[in-house]
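**Student:** My structure is below; once you've seen it, I'll send some questions.
The values are calculated or read from the model by the stated rules, or taken from the named source; none is laboratory data. Note that the coordinates shown come from a computational prediction; the quantities given were computed from them, not determined experimentally. In this analysis, Cβ positions are derived from the backbone assuming ideal geometry, glycine residues included, and neighbour counts consider all displayed protein chains. We work out accessible area using only protein heavy atoms, side chains counted, and drop any ligands, DNA or RNA first. Shrake-Rupley method; radii C 1.70, N 1.55, O 1.52, S 1.80 Å.
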Amino acid sequence: MVGQVSACRACGGALSVTMADLGLQPPSNAFLTPEQAQQPEKRYPLRAKVCDLCRLVQVDYDVDPQELFGNYVYFSSYSDDWLAHAGHYCEMARRRFALASHSLVVELASNDGYLLKNFVADGIPVLGIDPSDTVAAAAGKIGVPTLVEFFGESVARRLVAAGRHADLMIGNNVLAHVPKLNDFVSGIAILLKPDGTVTIEFPHLLKLLEHVEFDTIYHEHYSYLSLYALEQVFARAGLKVYDVDELSTHGGSLRIYATHAARPGIADSESLRRVRAKEEAAGIAESDTYRRFGERVLACRRSVLDFLSTAKREGASVVAYGAAAKGNTLMNYCGLTRADIPAVADRNPHKQGKLLPGSHIPVISPDELLALKPDYVLILPWNLREEITRQLDGIRAWGGRFVTPVPEIRIHA
Ligand SMILES: [Zn+2]
C-alpha cells in the first residue's frame, strides 16, 4: 500500500514507461515552521509512470495518505474563481437532475463545504465526506454535515446499511488523490441510486501533456487521468460514462457524468464521442506520446534557471506568488532555494509564516510582497494567472511584471 508500486493500481498491468522523473521530493503540502526546518525532511521518489495495458498514468511510489492529507492546510474557499465555478455547477445540477428536498447529494472530498452549501441554501439534503477533521469542522459550522473518512467500499456499505442512497454524487479533483482507485469507484457504484448520476472533475491528462504541466505531478496525485483510462476503471465497477464537459479549470479539466451500466435508455453524448476522438488523435494509447513529454520537462527546467540567472545578473528581484502544491514540484525539481527566490506570497493566512517544503522559501502575505516592490512576480499557480494579476495589479506602479513558468518561462506584458 505504501512504498514502491510494482503494477498498475487500476488493472495490474506493467509500468514500463517513465513519463517524468522529478527526483526525490518532500510531500508538497508539508509546509514547515522555521523550527521544523532545522530537522531533516522526508523525501520520496517522484516519478510518473504509464501502464502498458490501460495507459493510466500514475506515480510509482505511494506515500502514506495520513502523512499527505492529515494536516491538509488547503481551504477551497480561498479562491474566488473556484467558488464561482462551484456555484454555477450546483445551479446546473439542481435543474438537470431535478434535485429537491427528498434528494440526497453526496460530495467526496467535500473540504470545508464550499460547494455543498449551495444545495443547503436550496433545501436539498447533503452529506460531505472528507478525511480531514479540520475542514470537516469548518463545514459543520456552515451547516454542511461531514463524515470524516477516506471514502471507499466499506464507507459506502455502511451508509447504504443506514438507508442512505445518493441521487447525485460529486467528486471534484479527488480521484487523482485516491491510491486505491478501484475501491473508491466501487464505493460510488454501491452508494449511487439505480437512476443516480456521479459527476467527477479532474485535470485532463491531455492538457497536462500538451502544456507540459509536469508541476501538477506530486505525491498527493497518485494518478493522472484521461477519459480513456477512466472509462476502463468505471466499467470494471459496473458504471458507464455517458457525458462529459470540457472545463478551463486547473489548466483544462474534464467533468464526466456516469451512471450504472445496467441503467436503460442512456446513450453516449456527442461531446463524449468528441473527447474520445480527441484523445485518440493525441496518441493517448501510445507509449511514444509519454516518452516525448520527458524531454519537454527538461527544457522547462532550463528556461526557469536561465530566467533566474539573467534576473540576478541584471540586479532584478524575483518574488513568487502562490504557495500551492504545483509550485513546490517546480521549485524542488529546479533545485531552487531562498537564495534564488527570497519569498513566496499567498493569501492563505494558514500558510503565511511557514516555509515551503524542500526549498524552505518563506511564505509572506500579498501586502508584504507589494512592500518588497519586486521587478518580477513568478506566478506558480499559473492556472490562476488572471485572478492573481488582478489582485497584484499594484506592481505595475514601479514597472513590475508577471512571469509564468510552464510550459516554459514567459514574461507577460
Ligand atoms: Zn493499467
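**Student:** For PRO26, what is the net charge nearby, where nearby means another residue's Cβ is under 12 Å from its Cβ and Lys, Arg count +1, Asp, Glu -1?
**Tutor:** Values: positive: LYS42, ARG43; negative: GLU41, GLU67, GLU220.
Net charge in that neighbourhood comes out at -1.
**Student:** Could you tell me the relative contact order of the stretch 84-185? Use alpha-carbon pairs under 8 Å, at least six residues apart, and round to a whole percent. Mind showing how you got there, number by number?
**Tutor:** Values: 157 pairs, mean separation 27.7, N = 102.
It rounds to 27 percent for the stretch 84-185.
**Student:** Please list, or write none, the lysines whose alpha carbon is within less than 23 Å of the alpha carbon of LYS193, excluding same-chain residues fewer than 8 places away.
**Tutor:** Filter leaves LYS117, LYS180, LYS240.
**Student:** Give me the accessible area per residue for the stretch 292-413, probe 1.4 Å, as a whole number in Å².
**Tutor:** Accessible area per residue: 44 Å².
**Student:** Express the carbon and sulfur contribution to the solvent-accessible surface of the chain as a percent, rounded to the nearest whole number, probe 1.4 angstrom.
**Tutor:** 51 percent
**Student:** Further question on the same structure: Determine which aspartates and glutamates satisfy two conditions relative to LYS354: a Cα distance under 19 Å, and not lying fewer than 8 residues away in the same chain.
**Tutor:** Output for LYS354: GLU35, GLU41, GLU67, ASP340, ASP346, ASP367, GLU368.
**Student:** Assuming R0 = 41 Å, what is the FRET efficiency of LYS141 and GLU314, from their Cβ-Cβ distance, to the nearest 0.05?
**Tutor:** Working from the Cβ atoms, E equals 0.25.
**Student:** Just want the answer: with Cβ charges of +1 for Lys and Arg and -1 for Asp and Glu, which residue in TRP398, ILE124, PHE307 is farthest toward the dipole's positive end in the chain?
**Tutor:** Result: PHE307, furthest along the dipole toward the positive end.
**Student:** Compute the projected area of the convex hull of the Cα atoms of the chain, averaged over all viewing directions, and report it in nm² to one decimal place.
**Tutor:** On the way: hull surface 79.5 nm².
Result: a mean projected hull area of 19.9 nm².
**Student:** Between the stretch 95-119 and the stretch 141-202, what's the alpha-carbon centroid distance in Å?
**Tutor:** 12 Å
**Student:** Sticking with this structure for a sec: In deg cm²/dmol and to the nearest 500, what is the mean residue ellipticity at 222 nm of the chain if only DSSP H runs of at least 4 residues count, each as -39500 (n - 2.57), divided by the residue total?
**Tutor:** About -9500 deg cm²/dmol.
**Student:** Would you mind working out the accessible area per residue for the stretch 1-47, using a 1.4 Å probe, and quoting it in Å²?
**Tutor:** Working: 2390 Å² over 47 residues.
Value for the stretch 1-47: 51 Å² per residue.
**Student:** Where a ≥ b ≥ c are the square roots of the eigenvalues of the C-alpha gyration tensor, would you call the stretch 1-145 rounded, which needs a/c under 1.5, or, failing that, prolate if a/b is larger than b/c, or oblate?
**Tutor:** Cα axes put the stretch 1-145 in the oblate bin.
**Student:** Same structure, new question: Based on the Cβ-Cβ distance of ARG274 and ARG157, what FRET efficiency does E = 1/(1 + (r/R0)^6) give at R0 = 45 Å, to the nearest 0.05?
**Tutor:** Efficiency, rounded to the nearest 0.05: 0.80.
**Student:** Suppose every Lys and Arg Cβ carries +1 and every Asp and Glu Cβ carries -1, with no other charges. What dipole size does the chain come out with about its Cα centre, to the nearest 20 debye?
**Tutor:** Dipole magnitude for the chain comes out near 160 debye.
**Student:** Still on this structure: Please list, by residue number, everything in the stretch 189-206 whose backbone N is under 20 Å from a paramagnetic label point 7 Å out along Cα→Cβ of ARG164.
**Tutor:** Flagged as within label range: 189-200.
**Student:** Continuing with the same structure: From Cα pairs below 8 angstrom and at least 6 apart in sequence, can you work out the relative contact order of the stretch 258-413, rounded to a whole percent?
**Tutor:** Relative contact order here is 21 percent.
**Student:** So what's the gap between the Cα centers of the stretch 207-229 and the stretch 321-346, to the nearest angstrom?
**Tutor:** Measuring centre to centre over Cα atoms gives 20 Å.
**Student:** Along the charge dipole of the chain, Cβ charges K/R +1 and D/E -1, which of ALA84, VAL105, GLY13 sits furthest on the positive end?
**Tutor:** Value: GLY13.
**Student:** Between rounded, prolate and oblate, where does the stretch 207-354 land on the alpha carbon gyration tensor, with a ≥ b ≥ c its root eigenvalues, rounded for a/c under 1.5, else prolate if a/b exceeds b/c?
**Tutor:** The shape class here is prolate.
**Student:** Could you please report the charge total around ALA139, scoring K, R as +1 and D, E as -1 over all other residues with beta-carbon less than 11 angstrom from its beta-carbon?
**Tutor:** On the way: positive: LYS117, LYS141; negative: GLU107, ASP112, ASP130, ASP133.
Every neighbour counted, the sum reads -2.
**Student:** Given Cβ point charges of +1 (Lys, Arg) and -1 (Asp, Glu) and nothing else, what value in debye, to the nearest 20, does the dipole of the stretch 272-410 about its Cα centre take?
**Tutor:** Approximately 200 debye in magnitude.
**Student:** List the GluC sites (Glu not before Pro) in the stretch 133-234 that DSSP assigns to loop (not H, G, I, E or B) and whose Cβ has at most 15 other Cβ atoms within 10 Å. Which are they?
**Tutor:** Numbers: sites: GLU149, GLU153, GLU201, GLU210, GLU213, GLU220, GLU231; in loops: GLU149, GLU213, GLU220.
Here the GluC sites (Glu not before Pro) that fit, given the DSSP loop and packing criteria, are GLU149.
**Student:** Separate question: When only Cα pairs under 8 Å and 6 or more residues apart are kept, what is the percent relative contact order across the chain?
**Tutor:** 15 percent
**Student:** LEU104: net charge of surrounding residues, Cβ under 12 Å, Lys/Arg +1, Asp/Glu -1, itself excluded?
**Tutor:** Taking every Cβ under 12 Å from that of LEU104, the sum is 0.
**Student:** Further, regarding this structure: Is the C-alpha gyration tensor of the stretch 8-49 telling us rounded, prolate or oblate? Criteria: a/c under 1.5 is rounded; beyond that, a/b larger than b/c is prolate, otherwise oblate.
**Tutor:** Here the stretch 8-49 falls in the prolate category.
**Student:** Go ahead and run the numbers for FRET between ASP393 and ALA285, Cβ-Cβ distance against an R0 of 30 Å, rounding to 0.05.
**Tutor:** The value I calculate is 0.10.
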